[in-house]
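The values are calculated or read from the model by the stated rules, or taken from the named source; none is laboratory data. Keep in mind that this is a model prediction, so the values were computed, not measured. Reconstructed Cβ throughout: ideal geometry from the backbone, glycine too, with neighbour counts over all protein chains shown. Heavy atoms of the whole protein, side chains included, go into the accessibility calculation; ligands, DNA and RNA do not. Shrake-Rupley method; radii C 1.70, N 1.55, O 1.52, S 1.80 Å.
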Amino acid sequence: EGIKKNQIFNNFEFVMVQSTDHVTPGTGLTVTGERSIDGAAFAALANVVAEVANGVYKVNLAATDLNGDMITLRFTASGADTRLIAIKTSP
């Protein structure tokens, strides 16, 4: 079914890696999440990012975060590579 336009998607998971070697999972990071909707400027996600374990993080995406056809998520943290994820929503 995938990620639907303008509907919540809980527990969206992604990996953050250390900027020192670009491979090792980054643990204990304070990750900031932003989204761009249909090519618009990046804005903060509605919810905060939480660590799962072993460099895996999750965020609950709100309907407002997914209110477009093409969503680009950007996750940043000090000491980690920026993670960009593009999502094509379904109707």
For this session: Compute the relative contact order of region 21-91 as a whole-number percentage, counting only Cα pairs closer than 8 Å that sit 6 or more residues apart in sequence.
Result: 32
For this session: For the chain, run through the GluC sites (Glu not before Pro) and keep only the ones in DSSP coil with at most 16 other Cβ atoms within 10 Å of their Cβ.
Result: Glu1
Problem set entry | With all protein chains modelled, accessible area of Leu29 [1.4 Å, Å²] | 40
Seminar exercise, completed: Carbon and sulfur atoms account, in whole percent of the 1.4 Å probe accessible area of the chain, for 50
For this session: Using a 1.4 angstrom probe, figure out how much accessible area the chain has per residue, in square angstrom, rounded to the nearest whole.
Result: 56
Exercise. Viscosity 0.890 mPa s, temperature 25 °C: Stokes-Einstein D of the chain from its Kirkwood Cα radius, in µm² per second?
Worked result: 185
Problem set entry | Partner aspartates and glutamates for Lys5 [C-alpha distance under 13 Å; skip if fewer than 8 residues away on the same chain] | Asp38, Asp65, Asp69
Seminar exercise, completed: quick note, the chain, DSSP beta bridge pairs, % antiparallel (nearest 5) is 95
For this session: Note down the nm distance, to one decimal, between modelled labels 7 Å out along Cα→Cβ at Asn54 and at Asn10.
Result: 2.4
Problem set entry | Largest-first ordering by accessible area, 1.4 Å probe, given options Thr72, Thr89 | Thr72, Thr89
